[in-house]
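Q: Pasting in a structure now, in C-alpha cells, and then I'll have a few things to ask.
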Amino acid sequence: MIWNTNLRWRLPVICLLLEVVMIVLFGVFVRYDMDADPHWVEEKAIKNLTTDLENEFYYRYPSFQDVHVMIFVGFGFLMTFLQRYGYSSVGFNFLLAAFGIQWALLMQGWLHSFDGRYILVNVENLINADFCVGSVCVAFGAVLGKVSPVQLLIMTLLQVTLFSVNEYILLNLLEVKDAGGSMTIHAFGAYFGLTVAWILYRPNLNQSEGRKSSVYHSDLFAMIGTLFLWMYWPSFNSAISNHGDAQHRAVINTYCSLAACVLTSMALSSALHRKGKLDMVHIQNASLAGGVGLGTVADLMILPFGSLLIGFICGIVSTLGFVYLTPFLESRLRIQDTCGVHNLHGLPGIIGGIAGSVMASIASIDLYGEEGLAYTFGVGRSRTNWSPNMQGRFQAAGLFVSLAMALVGGIIVGVILRLPFWGQPPDENCFDDAVYWEIPKEPKSTALHPEDSSFRPPEP
Amino acid sequence: MIWNTNLRWRLPVICLLLEVVMIVLFGVFVRYDMDADPHWVEEKAIKNLTTDLENEFYYRYPSFQDVHVMIFVGFGFLMTFLQRYGYSSVGFNFLLAAFGIQWALLMQGWLHSFDGRYILVNVENLINADFCVGSVCVAFGAVLGKVSPVQLLIMTLLQVTLFSVNEYILLNLLEVKDAGGSMTIHAFGAYFGLTVAWILYRPNLNQSEGRKSSVYHSDLFAMIGTLFLWMYWPSFNSAISNHGDAQHRAVINTYCSLAACVLTSMALSSALHRKGKLDMVHIQNASLAGGVGLGTVADLMILPFGSLLIGFICGIVSTLGFVYLTPFLESRLRIQDTCGVHNLHGLPGIIGGIAGSVMASIASIDLYGEEGLAYTFGVGRSRTNWSPNMQGRFQAAGLFVSLAMALVGGIIVGVILRLPFWGQPPDENCFDDAVYWEIPKEPKSTALHPEDSSFRPPEP
Amino acid sequence: MIWNTNLRWRLPVICLLLEVVMIVLFGVFVRYDMDADPHWVEEKAIKNLTTDLENEFYYRYPSFQDVHVMIFVGFGFLMTFLQRYGYSSVGFNFLLAAFGIQWALLMQGWLHSFDGRYILVNVENLINADFCVGSVCVAFGAVLGKVSPVQLLIMTLLQVTLFSVNEYILLNLLEVKDAGGSMTIHAFGAYFGLTVAWILYRPNLNQSEGRKSSVYHSDLFAMIGTLFLWMYWPSFNSAISNHGDAQHRAVINTYCSLAACVLTSMALSSALHRKGKLDMVHIQNASLAGGVGLGTVADLMILPFGSLLIGFICGIVSTLGFVYLTPFLESRLRIQDTCGVHNLHGLPGIIGGIAGSVMASIASIDLYGEEGLAYTFGVGRSRTNWSPNMQGRFQAAGLFVSLAMALVGGIIVGVILRLPFWGQPPDENCFDDAVYWEIPKEPKSTALHPEDSSFRPPEP
C-alpha cells in the first residue's frame, strides 16, 4: 500500500488548529496563581511572610529547569541513536512536548488547580505538565520511526488526556504516593506506547532494517540524552515532593539507585555478549532504569541501601530485557518496540510500583516519627482511618489502574492512528528522516584545502 | 584582493593587551558588593537578617547559571550548523564572550554599580554582563564565517560599549521595562550586526557557497544549541526581574510563549515547502522567536494566553522571514545575514518592543493591584507623575533609541572592521575553519579491526 | 605479549561484587542526615526554624547539580576528542564515577560524617563524593585509551581511598582552606594519574599513534565537555563554601578567572603555531586552567583583579605545557599523558596551592573584618592561637602532602595495575573502542532515497 507522506497541508493545519484552540482555552481558563500574581505583595502581608523566598518559585524552580532539560534534551537526544533519524527524534520530540505541555496545563489544571472559575498556574503546574509529557515521550520511544508527526500530535492529545484522568484517579481518589511517577509516568507511558505499537504492527518492517541500527557518532549523540537524564533524575524524582526533608531524601535515594544501576547494567551487558563486549544500547538505557524503579518510593524511608538494591535489580532486569525480551516481543507478540521502552520504563515502572506498595505497608512511627508519618502520607488532613496496610493496598491498586488505563487507552488510540490518512511512512521508509525533512546534500568536494579531506574517500 | 590571514602576532597581541588592560582596570575599580564581601556577616546583623538565604546569591544564582549556558553552549552550538565552521562557531563565540563579559562588568559597572570610587559586583552584575554579551553573540550570527577573531574582539569591545550606553538611556533615563531585553539585547544586537554585515558586504561570497550549508551531523550539533536556548529562556527572561511574583510570572509567560512558537514554526516550515517537508533551519531558529518576542513583557500582566499569542505570531513571522526576507535582504539590500538573525532576533525583538509599549499603556490597578503596580513599574520611588500612557510612550521611544543606536553604531564599527589588516578571510575561504584552525587529518585507514569500517568506502 | 582482552567474566564479576559490597556497607552504615530525615519536622520545631528553606538542601542543591554535570558530561565528553574512543571515554567515565561516588560516600562518610554508629548523608556528602570522583576522572585522563574498565574500577577503589585520607589530613589535621580543591582534587588527581601512567609506560605505543588524534566531529563533541566544565566551574568552586558571602564571592572569582584564561589560551595557542592557527586541544583544555588555579583561593579575598591575574597566568602556563612539556614528559620521563592532565590539572593545581598559601599569609582584619576573618578561616571555634602566617605555612604543607600522597599512591596503584590479567589492550589496540565495545557497522548502502547520499562515495 502506498501512503501519501506529503504533509504540506495536514501538518500545518493540525498545528495551527491546536494552537488556536490552546489560545482560546488559555484565555478563558488560565490565570496566574497567587505566587505569580502582582497581588502577591498583598498576600505576603496577609500571610505575614517576611521574605520573598517563601514564594513557591524558589523551592521548585531549579528542579523544574532540570526536568525541562530531561524532557527536551534527555528524551530527544536519547532517541538519536538511529543512524538517519536524528532530526525526527529531536524535532518530533520537541513538537509533541511543546504541544503536550500546553494541553497538560489545561487537563491537569481542570483536575487539580481549578478554583471554580480559573485554572491557577504556578511553577508546580509547569513541572507537572513536563511530567505528563514525559509519559508521551516514553510512548514515542515505542513507535519511533514508524509514525508521522501528525500521528504524534494526535497521540499526544489523547495520551495527555488519559494520563491526566489516570493521575487524578491515583493521586486524588486512591491517594497513592508516586513522587517520581513510576506508575503514572513510566509504567503508564510504556504500556500505552507498547499497545499502540502492537496495534500499528508492521509485518514488513524488515524492509528498513538497515536503518534501524546506529552509527558511531549517532551513539555519542544518544549518550548526551542518557547523561542528562541520568544526572537530572534526582531532580525529577524530588521535584514535587514536600518541601524540606522529603525533597532532600528523594535526591539522595535517586542518586544512590542510579549509581548502582550503572554497575549492574555494565556487568550484564558484558556477561551477555559472547566476547564480553559492552553494548551501547544497554549503557544508554539500562543505566537509567534505577531512576524509573525508584520513582514511587523516592521520598519514602527506603534508606540509601534500599535505593542501591532497587538500582541493582533494575539494571539487571532492564539489560536482560533488552537481550531476551525485546526480540521475543517482536517475534511472538508482534510488538515492535523501537527504543526498548519496555525494558527502561515498563518493567522498572512495575518494580517501582511494587516497591511503593511494600514500602507503604511497612511505614511506621518508628521509621518516620509521628509528625513525619502524617506529613509524608498526608494523614490527618482528611484521612483519619489511615493505616500503612491500607496505603499499601491502594498503592498496588494504583499500579493496576495505570496498567489497565494504558492497555485500554492504547488500543483506542492505536486504532485511531491506524487510519490511513495521517501521512505515516511506508514500511521501506521507516526510520528515515528524508521522508519528513529536507536533508542537506553531503558536500561533493571539500578539496579547497589539502588538510581538509574529511568524508572524501581514497582514490580507487 | 589577497588578505593575509596569518594571525600569529595580531591575535596574541590583541588578546594579551586587552586582558592586561582588564586586569589593571579591575584592580583600580572592581570590588565585591556587600553580599559577596566578608563584612556581610556584620551587615546581616545591622539589617537584622535572620538567614543567610537573604543573600542575593540565592535569589539569582540558578538563573545565572542557566543564562551562562545559553551564552556559551546555546549561542555557540546554534551556529555549528555550518558544515566546516564548527570550531570557529563554538571557539570564537567562546573568545568573544569571555572577553565581552569582562568589559561589560566594567562598562555596566560604571553606569549602574559605581559607588563613586568602586564598581561593586554581585551575581546580578554577572547576569547583566552575560546579557550584554548575548547581544554580541546575536550580532556575531550576522557576520558568522566572514570575519576574523581579531575583528570579533574589536566588534565586541565597541558593541559592549554601545550596548551599555543604550541600556543606560533606556533603563535609567527613559525608565523603560525590558526584563528579557527584546529591545536592548535582541533588536539592538540584530540590527547592529546586520548593519555591520551590510558594510562588510562581499559581492563574491558565492565562491564559498558550497560550505554555507549544513551536513547531517552539523544540524544535530546545532540542535544542542537550540534546545539549551529554548529550555533556559524562562531563566533568561526572569533572571533580573523583581524578587517573588515577578520572576515567577516571567517564567510562566516565557514557557507558554516558547511552546506556542514551536507549533507555528513547524506549521509554517511545512506549509512553505513544496513537498511539505520540514527545514531544520526553521526549527533551529524560529522555534526560539517566542522567547525573544516575550522579552520586554515577560514580567508584565500579559497573562498566559497573551504569551501564547505572542509566541504564535513570532513563530509565523520568523519562519516567513527565513523563507522570503533573508533572500531579499541579500539580493536587494546587500545584507548577508549568515544565521538569519533578522528573523530570530530582529523582527521578534521589534514585536517584543511593541508588545511592551502596549502592555505598559494598559497597565492598571485592576490588573496589578495598587502595591503591585507601584512595585512592578517602580512608581513612587522617584516617579510621582507616572501614568501608564506615559510609560507606553517611553517604551516606544526606547525601541526607537535602540534601533537608532544599532544603525549608527553598526555603521561606525563596520567601517572600522573594513580596514584591510584585521586578518579577514578572502571570499573563497569564508565559512572555513581551516583558515584559522589547525584541522585534524581524517584517518587514512582504520582497517585494524574488521568490524570497524566506518568512513571507509566500499571497494570499487 | 598477547593479553586477553575478553572481559566476559572479569568485568561482570568485579562490578557485581563491588556493588554487593556497597549495598551491605550502606545497609550497615549509611542513614539520612537530619535534614533529609522525616524527623526534621520535629527538629525544625526544636531549632525554632520558621521556614523549610533553612534545610541545607536549598543552599546547595543547584550547585550540586552543576557539579554532577561537570563530572559526567564535562569530564566524559572532554575525553571524546579521540577519533575512535568516544564510547570508552564517556562510558568508562560513567562507570568509574558511578562506582566512585558510592565508595566515596562511605570513605568520606567514615572520616567526616560518622556519628559513632552511622554515616549521616545529606546533599553536602553528595557534592563531596562528586568532588572525590572528580580527582579520579582527572587521573583517568592520563591513562585514557591504555587501560581496561577492570583496571579503572581497581584504580577508582584505591584512589578514592587515598583521596579521602589525603583530604582528611588536609582539611581536618592541617585545617587548610581548599574550596575548589586545587590541591586535594586537581594536583592530587593529576600527579596520581601521571605516576600511574609512568608505571604503565608502553614503549611501543606508537603502534596505535594513528588513533591518538581527533577527527573533525570528535573535537566538537569534546567542546561540549569543555563548555559544561567551564560554565559550571563557578558552582564547583563555591559548592561547599560557607553560606552567604563566601559562596557568592567564590562564584565571582571563578567567573573572572575563567574569562581571563580563555584569552591567554587563545593568544598562546596562536602565537606558538608557525602559521598562527589555533589548536583545539588548547582551547578544550587550557581555557579551563583558570578554574583549577582558583580552586584554593576561590572564597578568599583575592579580589576580582587577582582572579583575573590567576586566570591570565594559568592560561599561559597550561598552553605552554601542551606545546613543550607534554612531548618532553613522554620522550624523556616516559610519562604518556593522553589528555595532558599535567597541563590542565597538575601545574594549575600547584599554582592554586601556592596562591592559597600566599593569600592565607596576607589575611587580615582589614581585608575580612573581625567576624569575617573568624568565619572564613574557622578561627575561634577551636583554633585560638591562629595566625595568618601559620595558616599560610599549613597551606603550603597541604600542597606537599597532596603531592607526596599522589606519588606514593600512584606507584603502588600503578604496580597493581601492571599485573597482566586485568584485560588491558595490547599496544597496537590502544585508543580503540572496538576492543571493549560492540561497534556498529557503517551502512553499506543508504541508496533508498536519492537525496540521502551521505557517507556514500562518488563512483570511481
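The values are calculated or read from the model by the stated rules, or taken from the named source; none is laboratory data. Quick caveat, the model's predicted, so the values are computed rather than measured. Cβ coordinates were reconstructed from backbone atoms using ideal geometry, including for glycine residues, and neighbour counts include every protein chain displayed. Quick note on the areas: whole protein, heavy atoms, side chains included, nothing else; ligands and nucleic acids left out. Shrake-Rupley method; radii C 1.70, N 1.55, O 1.52, S 1.80 Å.
Q: So, in segment A:1-24, how many residues would count as being surrounded by 21 or more Cβ atoms within 10 Å (Cβ to Cβ) and in a loop (DSSP other than H, G, I, E, B)?
A: Adding up the residues that qualify gives 1.
Q: Filter segment C:322-351 down to the residues that are under 16 Å from C:Glu209 (Cα atoms) and of a type in the set (D, E, K, R) and list them by number.
A: Matches in segment C:322-351: C:Glu330, C:Arg334, C:Asp337.
Q: In segment B:225-249, how many are within 7 Å of chain A (Cβ to nearest Cβ) and either β-branched (Val, Ile, Thr) or over 13 Å from B:Gly291 (Cα atoms) (or both)?
A: The total comes to 6.
Q: Is one or more of the residues making up segment B:202-222 under 16 Å from B:Glu330 (Cβ atoms), of a type in the set (Asp, Glu) and not in a loop (DSSP other than H, G, I, E, B)?
A: For segment B:202-222, residues under 16 Å from B:Glu330 (Cβ atoms), of a type in the set (Asp, Glu) and not in a loop (DSSP other than H, G, I, E, B): present.
Q: Confirm whether A:Asp66 is open to solvent by 10 Å² or more (accessible area, probe 1.4 Å), at the interface with another protein chain (Cβ under 7 Å from one of its Cβ atoms) and under 30 Å from A:Leu158 (Cα atoms).
A: When the stated conditions are applied, A:Asp66 passes them.
Q: Residues being assigned to a helix (DSSP H, G or I) and of a type in the set (D, E, K, R): count how many of those fall in segment C:25-48.
A: So the count comes out to 5.
Here's the yes/no breakdown for (1) more than 9 Å from chain A (Cβ to nearest Cβ); (2) surrounded by 24 or more Cβ atoms within 10 Å (Cβ to Cβ); (3) of a type outside the set (A, V, I, L, M, F, W, C); (4) free of Cβ contacts under 8 Å to residues at least 24 places away in the same chain:
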position	(1), (2), (3), (4)
B:Met223	no, yes, no, no
B:Val251	no, yes, no, yes
B:Ser257	yes, yes, yes, no
B:Ser269	no, yes, yes, no
B:Asn285	yes, yes, yes, no
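Q: I've got another one for you. Can you tell me which residue among B:Leu106, B:Leu120, B:Leu95, B:Leu78 is of a type in the set (A, V, I, L, M), within 7 Å of chain C (Cβ to nearest Cβ) and in contact with a helix residue (DSSP H, G or I) (Cβ under 8 Å, 6 or more places away or on another chain)?
A: Checking each option against the conditions leaves just B:Leu95.
Q: Here's a follow-up. Pick from B:Gly134, B:Gly145: which is touching a Phe, Trp or Tyr at 6+ places or on another chain (Cβ under 8 Å), closer than 30 Å to A:Glu442 by Cα and small (Gly, Ala, Ser)? Break it down into steps so the answer makes sense when it comes.
A: Values: B:Gly134 fails: closer than 30 Å to A:Glu442 by Cα.
Going through B:Gly134, B:Gly145 in turn, just one is touching a Phe, Trp or Tyr at 6+ places or on another chain (Cβ under 8 Å), closer than 30 Å to A:Glu442 by Cα and small (Gly, Ala, Ser): B:Gly145.
Q: Only residues that are surrounded by fewer than 24 Cβ atoms within 10 Å (Cβ to Cβ) and in a helix (DSSP H, G or I): list them for segment B:49-58, please.
A: First, pick out the residues of segment B:49-58 that are surrounded by fewer than 24 Cβ atoms within 10 Å (Cβ to Cβ): B:49-54, B:56, B:58.
If the condition is that a residue be surrounded by fewer than 24 Cβ atoms within 10 Å (Cβ to Cβ) and in a helix (DSSP H, G or I), then B:Asp52, B:Leu53, B:Glu54, B:Glu56, B:Tyr58 are the ones that fit.
Q: Please find, among A:Arg117, A:Arg84, the residue that is buried (at least 24 other Cβ atoms within 10 Å of the Cβ) and assigned to a loop (DSSP other than H, G, I, E, B).
A: A:Arg84
Q: Every residue in segment B:7-24 that is at the interface with chain C (Cβ under 7 Å from one of its Cβ atoms) and either touching a strand residue (DSSP E or B) at 6+ places or on another chain (Cβ under 9 Å) or over 27 Å from B:Pro420 (Cβ atoms) (or both), please.
A: Within segment B:7-24, the first condition is being at the interface with chain C (Cβ under 7 Å from one of its Cβ atoms), and the residues that meet it are B:7-8, B:11-12, B:15-16, B:18-19, B:22-23.
Scanning segment B:7-24 gives B:Leu7, B:Leu11, B:Met22, B:Ile23.
Q: While we're here: Tell me, please, whether a residue that is among the aliphatic types (A, V, I, L, M), over 30 Å from B:Glu56 (Cα atoms) and either more than 7 Å from chain A (Cβ to nearest Cβ) or open to solvent by 20 Å² or more (accessible area, probe 1.4 Å) (or both) can be found in segment C:25-48. Please lay out each step first, then the result.
A: From segment C:25-48, those among the aliphatic types (A, V, I, L, M) are C:25, C:28, C:30, C:34, C:36, C:41, C:45-46; that's our starting set.
Next cut, over 30 Å from B:Glu56 (Cα atoms) only: C:25, C:28, C:30.
Retained after the next criterion (residues that are either more than 7 Å from chain A (Cβ to nearest Cβ) or open to solvent by 20 Å² or more (accessible area, probe 1.4 Å) (or both)): C:25, C:28.
So far as segment C:25-48 goes, yes, one or more of its residues are among the aliphatic types (A, V, I, L, M), over 30 Å from B:Glu56 (Cα atoms) and either more than 7 Å from chain A (Cβ to nearest Cβ) or open to solvent by 20 Å² or more (accessible area, probe 1.4 Å) (or both).
Q: Hey, can you tell me all the residues within segment B:440-449 that are more than 7 Å from chain C (Cβ to nearest Cβ) and at pLDDT 50 or above?
A: B:Lys441, B:Lys444, listed by residue number.
Q: Turning to a different aspect of this structure: Being at pLDDT 95 or above and under 23 Å from C:Glu42 (Cβ atoms) narrows it down to one of A:Ala260, A:Ala250, so name that one.
A: Details: A:Ala260 fails: under 23 Å from C:Glu42 (Cβ atoms).
Result of the check over A:Ala260, A:Ala250: A:Ala250.
Q: Sort out which residues of segment B:120-157 are in a helix (DSSP H, G or I) and open to solvent by 10 Å² or more (accessible area, probe 1.4 Å), and write them in order of number. Step through it out loud before you land on a result.
A: Pass one, segment B:120-157, residues in a helix (DSSP H, G or I): B:123-143, B:149-157.
Correct list: B:Glu124, B:Asn125, B:Asn128, B:Ile154, B:Leu157.
Q: Which of (1) open to solvent by less than 10 Å² (accessible area, probe 1.4 Å); (2) among the hydroxyl-bearing types (Ser, Thr, Tyr); (3) assigned to a helix (DSSP H, G or I) does C:Ser241 not meet, given it meets every other one?
A: Status for C:Ser241: all satisfied but (3).
Q: Same structure, new question: Only one of (1) at the interface with chain C (Cβ under 7 Å from one of its Cβ atoms); (2) touching a Ser or Thr at 6+ places or on another chain (Cβ under 6 Å) is not met by A:Ile310, so which one is it?
A: (1)
Q: Another question about this same structure. For residues that are of a type in the set (Phe, Trp, Tyr) and assigned to a helix (DSSP H, G or I), scanning just segment B:340-392, find the one that is nearest to the other protein chains (Cβ to nearest Cβ).
A: Only one residue fits best here, namely B:Tyr368.
Q: A further question follows. Considering only segment B:398-420, I want to know if a residue exists there that is free of Cβ contacts under 8 Å to residues at least 40 places away in the same chain, aromatic (Phe, Trp, Tyr) and either open to solvent by 50 Å² or more (accessible area, probe 1.4 Å) or within 11 Å of another protein chain (Cβ to nearest Cβ) (or both).
A: Keep residues of segment B:398-420 that are free of Cβ contacts under 8 Å to residues at least 40 places away in the same chain, which gives B:400, B:404, B:408, B:419.
Next, from what is left, pick out any that are aromatic (Phe, Trp, Tyr): B:400.
This time we only want the ones that are either open to solvent by 50 Å² or more (accessible area, probe 1.4 Å) or within 11 Å of another protein chain (Cβ to nearest Cβ) (or both), so: B:400.
Yes: segment B:398-420 contains one or more residues that are free of Cβ contacts under 8 Å to residues at least 40 places away in the same chain, aromatic (Phe, Trp, Tyr) and either open to solvent by 50 Å² or more (accessible area, probe 1.4 Å) or within 11 Å of another protein chain (Cβ to nearest Cβ) (or both).
Q: So, one more: Please state which of the following conditions B:Ala289 fails to meet, knowing it meets all the rest: (1) at the interface with chain A (Cβ under 9 Å from one of its Cβ atoms); (2) touching a Ser or Thr at 6+ places or on another chain (Cβ under 6 Å); (3) open to solvent by less than 10 Å² (accessible area, probe 1.4 Å).
A: Evaluating B:Ala289 over (1) at the interface with chain A (Cβ under 9 Å from one of its Cβ atoms); (2) touching a Ser or Thr at 6+ places or on another chain (Cβ under 6 Å); (3) open to solvent by less than 10 Å² (accessible area, probe 1.4 Å) leaves (1) as the failure.
Q: All but one of (1) within 30 Å of A:Ala142 (Cβ to Cβ); (2) open to solvent by 10 Å² or more (accessible area, probe 1.4 Å) hold for A:Gly76; state the number of the condition that does not hold.
A: (2)
Q: Shifting gears a bit: Can you find even one residue in segment B:205-215 that is out of contact with any Gly (no Cβ under 9 Å at 6 or more places or on another chain) and under 30 Å from B:Ser361 (Cα atoms)?
A: So far as segment B:205-215 goes, no, none of its residues is out of contact with any Gly (no Cβ under 9 Å at 6 or more places or on another chain) and under 30 Å from B:Ser361 (Cα atoms).
Q: Looking at segment A:396-417, is at least one residue closer than 25 Å to C:Tyr216 by Cα and at pLDDT 90 or above?
A: No, the conditions are met nowhere in segment A:396-417.
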